[in-house]
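Worksheet: one structure, shown below.
The values are calculated or read from the model by the stated rules, or taken from the named source; none is laboratory data. Predicted model only: the values in this text are computed from it and were never measured. Counting neighbours? That spans all protein chains shown, and the Cβs are built from the backbone with ideal geometry, glycine included. Heads up: the accessible areas ignore ligands, DNA and RNA and are worked out on the full protein's heavy atoms, side chains in. Shrake-Rupley method; radii C 1.70, N 1.55, O 1.52, S 1.80 Å.
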Amino acid sequence: VAKFLPGYLQIHAAALSRNGSGVILAGSPGQGKSTLGAGLLARGWSYCSDEFALLDRNSSQLVAYPKALCIKAGSFDPVMRLGLPLDIKNVLHKGSKGPVSLIDPLAIRPDIISRPCDVRMIVFPRYEANSEPAVEVMSRAQAVFELVQLSFNFTKFRDRGLDLLADIARKAICVRMRSSDLSATCALLESCLDECCAIGRKPT
């Protein structure tokens, strides 16, 4: 992706949309981004990508790159309970991630791929076992700072990349999310996005 799609600013994130509103789930490895993305797809969301969120430098929109979702072994059970087509007959060993298996997004439903969309929420999830899901609003400046750290190719864009991220954050709600139970976390995120889109203010 980094080599063949150099025209996009690339963020280490899962990316999805709901009713035309884009959501970036950004963060370092091990925070449950792919698992949370899979849970949202099971609730009818549209798919942009796993691991790479691609931002168009001209339109500032989120663009789909529908690669397979990579699910770690620790998330196999909750993902399968959602009825998603996880290919556990073919378990791969992917470096520090350990055993993983893949979900073909088109096997979930044929119309799952998102159209280019504006980013309405930037979420930094943090998995904490046996905790209650919770959302905390963060400053847009802090969100931009962290997105820079999570970009695969920011050094190529520099000032243009910073302007792009600032423009996206300015139009979005930026939050930290503590996640645990997959269904409960997905329901909370969905509720927050719907509230923000409906009344145009930060979630409470």
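A few points about this structure:
- Its Kirkwood hydrodynamic radius, worked out from the mean inverse distance over all distinct Cα pairs, puts the chain at 16.9 Å.
- Entry comment: accessible area of the range 1-103 is 42 Å² per residue, from protein heavy atoms only and a probe of 1.4 Å.
- Charging the Cβ of each Asp and Glu at -1 and of each Lys and Arg at +1, and nothing else, the dipole of the chain about its Cα centre rounds to 360 debye.
- Net length gained if the chain between residue 129 and residue 59 were fully extended (0.36 nm per residue, minus Cα distance): 21.4 nm
- The chain - share of DSSP beta bridges that are antiparallel (%, nearest 5): 70
- Pairwise inverse Cα distances across the range 1-107, averaged and inverted, put the Kirkwood hydrodynamic radius at 14.1 Å.
- Förster radius 25 Å - calculated FRET efficiency between residue 87 and residue 111, Cβ distance, rounded to 0.05: 0.75
- Most fluctuating residue given options 50, 167, 77, as computed from a GNM of the chain linking Cα atoms under 10 Å: 77
- Reduced Cα scattering model of the range 42-88, Debye log10 I(q)/I(0), q = 0.23, 0.24 Å⁻¹: -0.90, -0.94
- Accessible area of the range 85-204 belonging to carbon and sulfur atoms, whole % at 1.4 Å probe: 52
- Neighbour net charge for residue 34 - beta-carbon separation under 12 angstrom, K R +1, D E -1: +3
- The Rg/Rh ratio of the range 57-155, with Rg taken over Cα atoms and Rh as the Kirkwood radius over Cα pairs, comes to 0.99.
- Only alpha carbons enter this Debye calculation for the range 105-185, each as an equal point scatterer, and the log10 of I(q)/I(0) it gives at q = 0.13, 0.19 Å⁻¹ is -0.56, -0.97.
- Modelled spin labels at residue 195 and residue 141, positioned 7 Å past Cα toward Cβ, are 2.6 nm from each other.
- Approximating the spin labels as points 7 Å out from Cα along Cα→Cβ, the residue 73-to-residue 4 distance works out to 3.0 nm.
- Choice from 31, 142, 61 showing the highest fluctuation, given a GNM over the chain with Cα pairs closer than 10 Å: 142
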